[in-house]
Each structure stands twice: as C-alpha cells, then as structure tokens.
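Comments concern the structure below.
The values are calculated or read from the model by the stated rules, or taken from the named source; none is laboratory data. Quick caveat, the model's predicted, so the values are computed rather than measured. Positions of Cβ are backbone-derived with ideal geometry, glycine not excepted, and every protein chain shown enters the neighbour counts. Accessible surface is based on the protein model in full, side chains and every heavy atom, while ligands, DNA and RNA are left aside. Shrake-Rupley method; radii C 1.70, N 1.55, O 1.52, S 1.80 Å.
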Amino acid sequence: VDGGRVGHPTRGQASADPLVFSSPPAVTSPCKILKCNSEFWAATSGSHHLGAEEAPEFCTALRAYAHCTRRTARTCRGDLAYHSAVHGIDDLMVQHNCSKDGPTSQPRLRTLPPGDSQERSDSPEICHYEKSFHKHSAAPNYTHCGLFGDPHLRTFTDTFQTCKVQGAWPLIDNNYLNVQVTNTPVLPGSSATATSKLTIIFKSFQECVDQKVYQAEMDELPAAFVDGSKNGGDKHGANSLKITEKVSGQHIEIQAKYIGTTIVVRQVGRYLTFAVRMPEEVVNAVEDRDSQGLYLCLRGCPLNQQIDFQTIRSAQATEGRARRKGPSLPAPPEAFTYETATAKCREKLPVEDLYFQSCVFDLLTTGDVNFMLAAYYAFEDVKMLHSNKDKLHLYERTRDLTPGNMAPMGTYPTLWVALLCLCWLCLL
C-alpha cells in the first residue's frame, strides 16, 4: 500500500481497565454486559480524577452500573467480560467508599468540552483519504459488499451468493478494520439463518483514530461505539471516524474518512443487514496475503456453505405449479406460496433481478415479510454505495430451468437440432 496515502496502522492496545473488557463471544448471546459497560463509561467520562465533591455522583453511576449487571446476570453466566465487570465494580465501591444502597442515575450522554476532537475540522490530510489524492492522481476505485436476508452476500467483485454460514464468520479482515457477523436459525430446526450479531473493529491508525469497537445485536442497534463515544477518540483526526444515527434503532451510518469507507447497518425486523463502500486499495491492504481469502466479502462463502439458489428457486416454482394441479405435495408451513411471494416482492422490487429473487426465496423459507424489506433496503444501499451505476442490478448467468431440470427448447436451438439428427442416425 502506498504509504503516502494509507499506511499500515498500529494495532490498538486493549484497555487494562477490567470494566471495559470486551472480547466479543463467537456466538450470539443475550448477555448485555457491553451495554452496561458503555452506559457507565458515558455517565462517568471525564471523571478519572475525582474530587471529594464528585464522589457522590460517581457512586450513583456505579450503583446504576451494578444494577445493570444484576439485570443481565442470568444470561451472562460464563461470560468473562461480565465477571470482570462485577469484580471491577466491587473494587471501585471500596476505593471510593461508596454505599451499595442509595440512588441510581440514568446514564447521561457523554458531553464534550469546547474544542473536543469531535468538533475539529482541521484534521491532518492523512486522515482524509480522498483529500490525500493530488489533482493529477487517478481517483480511487471503490468497491461494495453487502449481506442481508437469509443470508445473501454480494462480494467486492459483484458475485452474488446465498449461503448457510451459521455461527460466527469474518466478513472483512484487513489492516484497518475487522467485521464479523453471527448468523442464527430464523426458526428452531430451520435451515434458514439470518444475521443476529455484528461486530466491527476499527484498528488504531496513526494520528487519526484510536481503536474503536462497534457492536449490534438483535433488537439493539446502538448509535455509539461500545465505549459510549461517537467518534475516533482523542487523537487529532478523531473526527475522521464518526457514527450517525439515521433512524433510531433501525439505521446507522459509520463514516471512516481516513480510509475512504462508508458502512451502513440496519435492523429490519429482528435481524441485521450490512453494506459497505470501500476503496480497492483498502480492501487489498493485508499483511498476510495467504489469509486474504479467508473473509466472505472478498472471496465469498466456501463451496460447502453455498446454497444452489437457482435449483431451489426452480423447485419452489415447480412445487407451486404442482400444488395447483392436485394434493400430491403437502403445503409448506410458511404463509406464502410461490405466487403470493412473487406478488409481494414486486411491490418493492419491480425489477426481477437477484434482489427480487432473494426476496421470493426468503419469504418462502421464513414466511416473514420483513425479509422483503431487507432485500429492498439492501438494494437501496447498493444504489447509494456502488460506484458503478451500470452494475446495480445483478442477474443470473444462466437461464431458468423448467421442471425436471430440462432446458427449454428455444434456449439452445443448435443443440436441439444436433440431438435430433443424432436420434435419426440411431434409427437408421
């Protein structure tokens, strides 16, 4: 990578404070200790050196923190971050002579003093990727990756896949950031999965940003990093990383100007969608080239995790036609037939591209109309983030197969003529 524009960041050091220990678990957990941590941090930010007059306020926040941990105790058994926080609270109670009985405060938003880095507009040039390109330099090439629905993946190379990928999987992993998603079954025993947890780690970079972690889960889409902040920290160029809440609890946008990257995270129904716009230079910035293919946005899902989207869709259509002819096939448990799912998806996705087909697939496999909205918003994000407007829609490379996996006669006329000639020769 050209060091004049984007250099290799130094990896941020983990905080020694046990109260902000945050090692994301590999699987989705209802434990909400990270939420407790960030609320306490937001309530006490800037109070590292407390005078006697501030002690009562600190104790109040500490009691609120303890109350929050008790609420989530049942779901946090075995969680290392939870036990670290509980022990840390006890230690701080003793250090500051706080009583366990007394008022508890509602966490307040972190207030920034005048001139804080979040308000700075004079960030160094290195903290603004696009400004670092000189007038005579070629403009950067941007790429897009998205994940939505059950789940469907559009890679940086515009490959479209439907995957299983249950559990935790790396979505992006380069020198500047790491994105991991966790996919869980939509229904018990169902093969349909959707994204229930998302963790984004922005690595510390020169004088621009400190290491920051963003985490979202089902029914919880924060508008701040896990430490309660909304920008890149205390460095001079901290404003080059910022979170903006577009729709409360439903839509956030993260701008990482120092690497020319925009990330959009949505909660649609109970599940999450992810979309990113990133320069090719940043996509390919990896220290270990051998491990470059280990994340989904770049290389796609492993073959054993991919679902044959076209074959399943053809079978769904065939089953729908057979069901109209007689009772030979049992009705599926979902609320949609192939016809009603197709009609529903046309309401939001009039072009029958792969986003439309994904919508139909998801309605049939889940019966949840929110998956239609997930496909719709995924395409809206493509329109906003993709640099090539001629490549917004994606279509299958092969024609649909008719029932029995036979190609229609009109598809390959030359082949059919050859086969007919061969048959006549066999009869002679």
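Among the residues of segment 241-250, those that are out of contact with any helix residue (DSSP H, G or I) (no Cβ under 8 Å at 6 or more places or on another chain) and either in contact (Cβ under 8 Å) with a residue 24 or more places away in the chain or open to solvent by less than 80 Å² (accessible area, probe 1.4 Å) (or both) comprise ILE243, THR244, VAL247, SER248, GLY249, GLN250.
Summed over segment 47-81, residues that are modelled with pLDDT of 80 or more, closer than 21 Å to VAL94 by Cα and small (Gly, Ala, Ser) total 3. One residue alone among ALA223, ALA238, ALA216 is small (Gly, Ala, Ser), closer than 17 Å to VAL181 by Cα and either open to solvent by 10 Å² or more (accessible area, probe 1.4 Å) or assigned by the TED database to the domain that holds LEU177 (or both), and that residue is ALA216. Of the residues making up segment 162-184, just one is of a type in the set (S, T, N, Q), farther than 30 Å from SER204 by Cα and crowded, with 19+ Cβ neighbours inside 10 Å, namely THR162. Does segment 143-155 hold any residues that are modelled with pLDDT of 95 or more and of a type outside the set (Gly, Ala, Ser), and which are they? Answer for segment 143-155, where residues must be modelled with pLDDT of 95 or more and of a type outside the set (Gly, Ala, Ser): THR143, HIS144, CYS145, LEU147, PHE148, HIS152, LEU153, ARG154, THR155. Among strands (runs of 3 or more DSSP E) entirely within segment 139-184, having at least 2 residues that are closer than 22 Å to ASN284 by Cα and under 11 Å from the mean Cα position of the chain (by Cα) singles out 142-148, 167-173. Taken over segment 158-174, the criterion of being out of contact with any helix residue (DSSP H, G or I) (no Cβ under 8 Å at 6 or more places or on another chain) and under 28 Å from TYR129 (Cα atoms) is satisfied by THR159 alone. Checked against (1) of a type in the set (Gly, Ala, Ser); (2) closer than 16 Å to PRO151 by Cα; (3) modelled with pLDDT under 90, ALA374 meets all criteria but (3).
GLY237 fulfils the conditions (1) touching a helix residue (DSSP H, G or I) at 6+ places or on another chain (Cβ under 9 Å); (2) closer than 18 Å to VAL265 by Cα except for a single criterion, (2).
When each of ASP122, ASP101 is tested for being over 26 Å from the mean Cα position of the chain (by Cα), modelled with pLDDT of 75 or more, part of a loop (DSSP other than H, G, I, E, B) and loosely packed, with under 14 Cβ neighbours inside 10 Å, the lone residue that passes is ASP101. Counting the residues of segment 185-200 that are surrounded by fewer than 18 Cβ atoms within 10 Å (Cβ to Cβ) and either outside the structural domain of ILE263 (by the TED database) or assigned to a strand (DSSP E or B) (or both) gives 1. Residues in segment 152-182 that are more than 30 Å from LYS257 (Cβ to Cβ) and either out of contact with any strand residue (DSSP E or B) (no Cβ under 6 Å at 6 or more places or on another chain) or without any contact (Cβ under 8 Å) to a residue 40 or more places away in the chain (or both): LYS164, GLN166, GLY167. Among the residues making up segment 201-213, a single one is surrounded by 24 or more Cβ atoms within 10 Å (Cβ to Cβ) and among the β-branched types (Val, Ile, Thr): VAL209.
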